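Visitor: First the structure, then my questions, so here it is.
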Amino acid sequence: MATLDVDVIVVGGGVAGAACAALLAGQQRRVALVDARRANFQPPAQGFDPRVVAVSPGSRRVLAAAGGWQGLDRGRLAAYHHMAVHSAALGVSFRASEHGLDELGWIAEIPALQTALWQALEGNDRVRLFAPAAWKRIDLGRDVVRLGLDDGTQLRAALLVAADGARSQLRQRAGIRVDEWHYNQKALIGPVRTAEDNTGLAWQRFTEHGPLALLPLPDGRSSIVWSQPADRAAQLHTMDESDFVAEINRHQDAPLGEVLEVGELHLLPLVRRRARQLVRDRLVLLGDAARSVHPLAGQGLNLGLMDAAALAEVLENWKDADPGPALKHYQRWRLSNGALISGGIHAINELVRAPAGLGRHALGMGFGLARQLWPVREAFVQRACGLDSDSPRLARGRSPA
């Protein structure tokens with residue numbers, strides 16, 4: 001039975017896990033990446049994959065450092081330079097140029113991001129890819145981790161990164177408890193065409209049924225994300241296109257004009273999860289294994305990429321010494337940051353569900369106040385873009401200390 005000694009094992013080759021593997025390999029570490037399948041995105045002949053995500057400027061820097069951003073087809077990215085959020089009769093808007101930025105972010109297909117990262121990893125001689133593969137046995141020691149794969153390979157490392165998703169089996173195996181909130185909501189996602197092409201607007205309104213967002217796609221269409229009570233979302237999902245168009249136009253007043261047509265729609269159940277700790281001996285949680293958040297702020301994938309950059313940052317000076325102090329730093333940092341962001345998103349979602357529209361009116365008043373206070377607006381943009389002082393140095397464009 002073959003045994004392979006590496007410095008770090010990463011289980012889970014999604015965007016956050018693959019980025020983490022690349023960043024750690026960039027520190028001259030030997031890395032093994034294990035996943036159930038190899039990433040191999042084949043773009044649809046027409047249109048775009050419905051699994052799109054907002055990538056912040058800070059996350060773009062992390063992806064670039066990991067070698068993934070360079071491999072993306074620019075024709076399948078949609079930049080947005082203007083963001084507007086409304087609730088009740090009030091709202092607030094942000095323009096990139098007002099904050100010294102070229103863009104506020106990009107809309108990208110998640111499978112394309114993952115495949116670009118894997119292509120970079122395949123050319124890295126410090127990374128061993130095990131896919132398709134699954135782990136069957138695990139020994140979580142205080143000083144070493146042993147992982148047995150289904151093909152008989154034994155991996156041995158000083159550190160194990162669990163990037164295996166919201167239902168992480170490694171997290172469960174380590175006995176790390178998770179707090180869960182089932183929103184009884186589903187997000188309705190899919191492409192729509194409006195009277196005017198969307199050339200760079202990320203727009204959101206908190207409707208009486210839940211937040212509705214229109215995000216730009218490269219062909220001028222928009223991707224909608226409409227979070228609603230599960231029963232109502234299911235009803236909308238089965239509507240005729242003409243009825244759905246009428247319903248969405250009843251709730252949106254974006255400056256793009258009326259929705260004219262709708263593509264294939266998908267439903268995504270919404271659950272908030274939060275691991276109570278991110279480190280157990282030599283096991284580290286990352287990305288959705290650490291927490292999953294409501295999509296209303298588009299921060300899920302960005303949080304995972306910030307995890308990857310933060311872990312690489314705290315491990316910069318780790319050689320043969322015990323990584324325990326560095327991992328404790330990572331846990332304090334990312335637990336605090338994740339709680340602040342995910343807790344804020346959770347609070348907004350609960351507020352707008354208050355009866356008689358009181359929550360939406362309160363939120364609208366907050367937007368109206370923020371519109372008048374430049375320091376608040378600037379702080380929001382810095383945080384949302386992954387450029388604030390609590391973001392990893394890599395995201396802020398700073399070299400290691």
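The values are calculated or read from the model by the stated rules, or taken from the named source; none is laboratory data. Everything quoted here is computed from the prediction, not taken from an experiment. Quick reminder, even Gly has a Cβ in these numbers, built from the backbone with ideal geometry, and neighbours come from all protein chains shown.
Visitor: How about segment 88-129: which of its residues are farther than 25 Å from Pro216 by Cβ, part of a helix (DSSP H, G or I) and aliphatic (A, V, I, L, M)?
Guide: Ala120, Leu121
Okay, residues lined up against (1) buried (at least 22 other Cβ atoms within 10 Å of the Cβ); (2) in contact with a Ser or Thr (Cβ under 6 Å, 6 or more places away or on another chain); (3) at pLDDT 95 or above:
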| position | (1), (2), (3) |
| --- | --- |
| Gly148 | no, no, yes |
| Ala157 | yes, no, yes |
| Ala166 | no, yes, no |
| Leu170 | yes, no, yes |
| Pro211 | yes, yes, no |
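Visitor: I'd like to verify a number: residues in segment 220-253 that are of a type outside the set (A, V, I, L, M) and either in a loop (DSSP other than H, G, I, E, B) or without any contact (Cβ under 8 Å) to a residue 12 or more places away in the chain (or both), how many?
Guide: First pass over segment 220-253, keeping only residues of a type outside the set (A, V, I, L, M): 220-223, 226-229, 231-232, 235, 237-238, 240-244, 247, 249-253.
Still in the list and also either in a loop (DSSP other than H, G, I, E, B) or without any contact (Cβ under 8 Å) to a residue 12 or more places away in the chain (or both): 220-221, 231, 235, 238, 240, 242-243, 247, 249-250, 252-253.
The qualifying residues number 13.
Visitor: Another question, then. If you go through segment 28-60, how many residues are over 20 Å from the mean Cα position of the chain (by Cα), buried (at least 17 other Cβ atoms within 10 Å of the Cβ), under 17 Å from Ala309 (Cα atoms) and not charged (D, E, K, R)?
Guide: Total meeting the criteria: 1.
Visitor: Quick check on Ser336: is it part of a loop (DSSP other than H, G, I, E, B), closer than 30 Å to Glu98 by Cβ and either of a type in the set (S, T, N, Q) or modelled with pLDDT of 90 or more (or both)? Steps first, answer last, please.
Guide: Values: part of a loop (DSSP other than H, G, I, E, B): no; closer than 30 Å to Glu98 by Cβ: yes; either of a type in the set (S, T, N, Q) or modelled with pLDDT of 90 or more (or both): yes.
No; evaluated as a whole, the condition is false for this residue.
Visitor: Next up: Mind listing just one residue for me: the one in segment 88-139 that is among the aromatic types (Phe, Trp, Tyr) and modelled with pLDDT of 95 or more and, of those, farthest from Arg38 (Cα to Cα)? Explain how you work it out, then say what you get.
Guide: Taking segment 88-139 and keeping what is among the aromatic types (Phe, Trp, Tyr), we get 94, 106, 118, 130, 135.
With the extra rule that they be modelled with pLDDT of 95 or more, the set shrinks to 106, 118, 130, 135.
Working: Trp106: 25, Trp118: 8, Phe130: 9, Trp135: 15 Å.
That would be Trp106.
Visitor: From Leu265, Leu260, Leu256, which residue is in contact (Cβ under 8 Å) with a residue 12 or more places away in the chain and in contact with an Asp or Glu (Cβ under 9 Å, 6 or more places away or on another chain)? Write out each step before concluding.
Guide: Working: Leu265 fails: in contact with an Asp or Glu (Cβ under 9 Å, 6 or more places away or on another chain); Leu260 fails: in contact with an Asp or Glu (Cβ under 9 Å, 6 or more places away or on another chain).
Answer to the selection: Leu256.
Visitor: Taking segment 248-268 as the search range and keeping residues that are of a type in the set (Asp, Glu) and at pLDDT below 95, which one is farthest from Phe48 (Cα to Cα)?
Guide: Looking only at segment 248-268, we keep the residues that are of a type in the set (Asp, Glu), and these are 253, 258, 261, 264.
Still in the list and also at pLDDT below 95: 253, 264.
On the way: Asp253: 24, Glu264: 11 Å.
Looking at residues that are of a type in the set (Asp, Glu) and at pLDDT below 95, I get Asp253.
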